[in-house]
Amino acid sequence: MWKMRVEAACVTSRWPTSFVLKQCPGKGEDRLVMNCCRGETLWGVFDGHRGMEVAGFASRTVPQLVWANMSMPNCPGPGEAISSALRQCHEMARQEGLKAGSTAVVVVTLGDHLYCASAGDSRVVAGLYGGGVMRMSNHHSTFTPEEMTRIQAAGGKLECGRLGGFLPVSRGLGNFDLESDGFSCAADVASLPRRQVEFVIIGSDGLWDVISDEDCCRLVRQWGIAVASEQLSITARQLGSNDDIAIIVAGFPADGMNTGAAAHMGA
């Protein structure tokens, strides 16, 4: 069912998109989503841990929360609308009694800009016109100095360098039993003028743990949008990734046209 919804969004969207979700036996915790509303497009990747329920809940819930927030008369801005949707999803998951956790990265078009909200270690990388590379997301891990400082300032604690002694991801959704240790649903927000962006790669750490931002962008330019997601997942496996892999590659042609040829659907 999720695949049919994403395929339908690929047809509806102005922006050529390919996607792939490769689950590992015994894991199966990654989720991805693509959704269109009023001519705009949302893409998201949610990398679950300790179970799949929060990632699945987020993939079903976040798009409509984002669109609802953006349509509010008093909306403070697109970035806040997206980050607020992630906070809302977090609290709704609490009310549902969900026990697992998930990262969250969401990219949304609005007018002439792209907006990104990130919480966790999933990643969004923009390939810029002219050959540049820019990471739009932030990496939230207990091993980064900024997150260690934040956790300590909030009165949290690390055991063996991790939350609860086992979780290296310091932000995301769910993980309610680790909030007192410093886990947070607060997302970082970034934006870029769409005219500067040739494409974005949105992926879980099953991709980024084995391929650099620069190499991913080089390979997308080499292969093209239509086959990039599938080929990146194959390359990640060849390089030793044994994790779930969720990848979305969306292009932003200068003429703003989705010819259909690039809307390749990965399984």
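The values are calculated or read from the model by the stated rules, or taken from the named source; none is laboratory data. Predicted model only: the values in this text are computed from it and were never measured. When we count neighbours, we look across all protein chains shown, and the Cβ atoms used for this are built from the backbone with ideal geometry, even at glycine.
Would you pick out the residues in the range 187-225 that are of a type in the set (Gly, Ala, Ser) and either assigned to a strand (DSSP E or B) or over 16 Å from PRO253 (Cβ atoms) (or both)?
ALA187, ALA190, SER191, GLY203, SER204, GLY206, SER212
Out of curiosity, is ALA117 within 23 Å of ASN175 (Cα to Cα), in contact (Cβ under 8 Å) with a residue 24 or more places away in the chain and in contact with a Lys or Arg (Cβ under 6 Å, 6 or more places away or on another chain)?
Spelling it out, it is not the case that ALA117 is within 23 Å of ASN175 (Cα to Cα), in contact (Cβ under 8 Å) with a residue 24 or more places away in the chain and in contact with a Lys or Arg (Cβ under 6 Å, 6 or more places away or on another chain).
Can you tell me which condition ALA190 does not meet? The list is (1) within 26 Å of LYS27 (Cα to Cα); (2) under 16 Å from the mean Cα position of the chain (by Cα), and all the others hold.
Of (1) within 26 Å of LYS27 (Cα to Cα); (2) under 16 Å from the mean Cα position of the chain (by Cα), only one is false for ALA190: (1).
Where the second residue is in a loop (DSSP other than H, G, I, E, B) and at pLDDT below 95 and the first is of a type in the set (Phe, Trp, Tyr) and surrounded by 22 or more Cβ atoms within 10 Å (Cβ to Cβ) and lies in the range 7-32, which pairs have Cβ atoms under 8 Å and are six or more apart or on separate chains?
TRP15/ASN258; PHE19/GLY266
Going through ILE245, ILE201, ILE211, ILE234 one at a time, which residue ends up being over 18 Å from PRO16 (Cα atoms), crowded, with 21+ Cβ neighbours inside 10 Å and modelled with pLDDT of 95 or more?
ILE245
Sort out which residues of the range 182-207 are more than 21 Å from ALA58 (Cα to Cα) and in contact with a His (Cβ under 9 Å, 6 or more places away or on another chain), and write them in order of number.
SER191, LEU192, PRO193, ARG194 - these are the residues of the range 182-207 that are more than 21 Å from ALA58 (Cα to Cα) and in contact with a His (Cβ under 9 Å, 6 or more places away or on another chain).
Which condition breaks for PRO73 when tested against (1) surrounded by fewer than 22 Cβ atoms within 10 Å (Cβ to Cβ); (2) within 18 Å of the chain's Cα centre (by Cα)?
Status for PRO73: all satisfied but (2).
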